[in-house]
Amino acid sequence: MEHVYLGREAIVYNEDKLFAYEILYRDTQHSSNSLNERFVSASVISNVLNKFGTVSLLGNHKAFVKINYKFLMSDLVFSVPQNFFVFSILPTINMDEKVVERIMQLYEKGYEICIDDSLLNQTIFEKYRVVFRALAYFKIDLTQELENDTSSLVKLLQTQEVKVIASKIDTKNKYEVAQKMGCNFYQGAFLSKPSVVQNVKYDPKQFNILRLYNLLIQDTNIDELTTAFEENHAVTVQLLQFINSGYFHFRNKISSIHHVLTLVGRRPLAEWLMLMLYSKSISKNSGYSPVMLLAKNRTELMQQVLKMLQPNVGSNFLGEAYFVGVLSLVDVVFSMKLEAVLEHMYISDEVKDALLEYKGILGEIYLLIRDIEAFNTDKILAFAMKHNIEHKQIKELVLESMESVNTLENSVSL
């Protein structure tokens with residue numbers, strides 16, 4: 001299938017901690033429903049294993065993959081490595097004797113089983129009672145109207161050691177409903193669109209980062225720069241962790257900001273500084289932020305797509321592309337409108353126009369990235385046709401950005 005397009009949607013817990021991914025699938029030449037369903041499931045897993053690679057696509061996380069009846073009952077199901085995938089069984093599958101036997105076989109072999117995007121009422125609870133012992137997860141579809149007994153049934157499932165995932169969360173209200181029910185995990189479009197809370201008290205640490213960024217961009221004396229960084233201890237520690245992580249490959253450990261400035265350079269350091277603005281270890285909590293990983297993904301795609309369109313592009317314009325990606329979520333960090341944050345920064349009109357109005361080639365690329373995130377394959381194909389590039393080139397860049405994000409996640413999860 002030349003035009004198979006794979007994406008991934010995060011499954012999170014504790015509001016912003018990444019637990020796993022669901023692998024999304026679309027064939028841009030055919031409707032998925034028009035294909036033999038067994039081979040739709042098989043092709044998803046085949047692409048992950050053979051073309052993409054589990055580490056590249058998933059990092060250290062598992063993948064939920066929808067499984068239909070034909071694939072479930074085929075011998076192919078036992079060829080899938082259980083340490084990478086969770087089988088999400090479609091709710092249209094009846095729990096007849098053969099299906100129950102197959103689910104128990106998978107369970108005995110160490111596979112994790114999930115019931116995919118279902119209602120949850122007493123009738124459905126009884127339908128799956130026979131396989132409770134084998135179930136690891138149950139997804140509740142929040143686009144369907146919940147019934148009065150859903151909350152109590154969530155708790156009953158949890159007493160059976162079945163973790164509950166609230167799926168298809170597309171509004172804040174649905175997210176709050178899922179939290180009130182006590183679901184273990186959450187998934188949906190709303191969670192992939194970080195919200196901006198207006199009129200929140202500004203964190204001075206965050207504006208210190210903007211000040212450091214501006215000093216880097218304005219050719220400030222290196223001794224003054226070093227002093228400014230050293231006065232911001234938390235930022236300095238985090239920077240040194242990044243620079244000394246596996247993401248970089250220096251012969252010797254770097255032990256000072258002066259050393260960083262000498263070896264890395266001002267502009268690359270400014271780029272990394274803005275990316276680390278999203279790291280919770282700088283502001284409130286330890287660990288990485290999913291918003292940080294999303295920003296990293298955007299910066300990778302901005303630069304790589306630009307290089308694909310303009311192979312001889314200069315480093316300065318690549319830097320502009322980077323800043324479009326890294327600044328595209330900065331309003332989330334500062335809890336204020338993007339236009340207001342940009343007023344505090346030394347950035348070009350090209351970057352501002354791309355971010356605020358999708359203008360210019362950087363604006364086009366940024367819009368493409370938003371379409372990739374939204375899985376708008378028609379618009380992705382339209383971009384490829386307009387710029388006379390092959391669709392598979394975009395798919396390859398998406399994979400490369402996933403690899404880079406996974407590397408970053410490993411480097412900051414210290």
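Enumerate the calculated ³J(HN,Hα) couplings along the range 259-265 in order (Karplus 6.51 cos²θ - 1.76 cosθ + 1.60, θ = phi - 60°), each rounded to whole Hz, writing x wherever the residue is Gly or Pro.
Residue by residue, the range 259-265 yields 5, 4, 4, 6, 8, 8, x Hz.
Per residue Cα convex hull volume for the range 4-192, in cubic angstrom?
Once divided by residue count, the hull of the range 4-192 is 120 Å³.
Straight-line reach from Lys98: which aspartates and glutamates fall under 20 Å, measuring Cα to Cα and dropping same-chain residues less than 8 apart?
Output for Lys98: Glu37, Asp75, Glu108, Glu112, Asp116, Glu126.
Provide the per-residue ³J(HN,Hα) series for the range 346-354, in order, calculated from phi with Karplus coefficients 6.51, -1.76, 1.60 and θ = phi - 60°, each as a whole number of Hz, with x at glycine and proline positions.
Residue by residue, the range 346-354 yields 8, 9, 7, 5, 4, 5, 4, 5, 5 Hz.
Would you please give the residues with an amide H less than 5 Å from that of Glu147, counting only those at least 5 places away or on a separate chain, with H modeled from the backbone geometry?
Hits under the 5 Å cutoff: Leu120.
Which aspartates and glutamates, if any, have their Cα less than 15 Å from the Cα of Lys352, not counting same-chain residues under 8 positions apart?
Correct list for Lys352: Glu320, Asp331, Glu339, Glu343, Glu364.
Going toward the positive end of the dipole of the range 4-192, with +1 on Lys and Arg Cβ and -1 on Asp and Glu Cβ, which of Leu119, Pro81, Thr171 do you reach last?
Looking along the dipole axis, the top candidate is Pro81.
Over 23 Å between Cα atoms, which of Lys66/Lys386; Lys62/Lys139; Lys62/Lys109; Lys174/Lys359; Lys62/Lys395 qualify?
Those over the limit are Lys66/Lys386; Lys174/Lys359.
Take the Cα atoms of the range 253-403, find their three principal axes, and give me the spread along each one in whole Å, biggest first.
47, 34, 30
Give me the net charge for the shell around Glu224: Cβ to Cβ below 14 angstrom, other residues only, Lys and Arg +1, Asp and Glu -1.
-2
Please state the shape class of the range 112-152: rounded when a/c is under 1.5, otherwise prolate if a/b exceeds b/c and oblate if not, all from the C-alpha gyration tensor.
Here the range 112-152 falls in the oblate category.
None of the figures in this text is laboratory data; all of them are computed from the coordinates on show. The structure presented is a predicted model; accordingly, all values stated were derived computationally and were not measured. Virtual Cβ from ideal backbone geometry, glycine too; neighbours counted across all protein chains shown.
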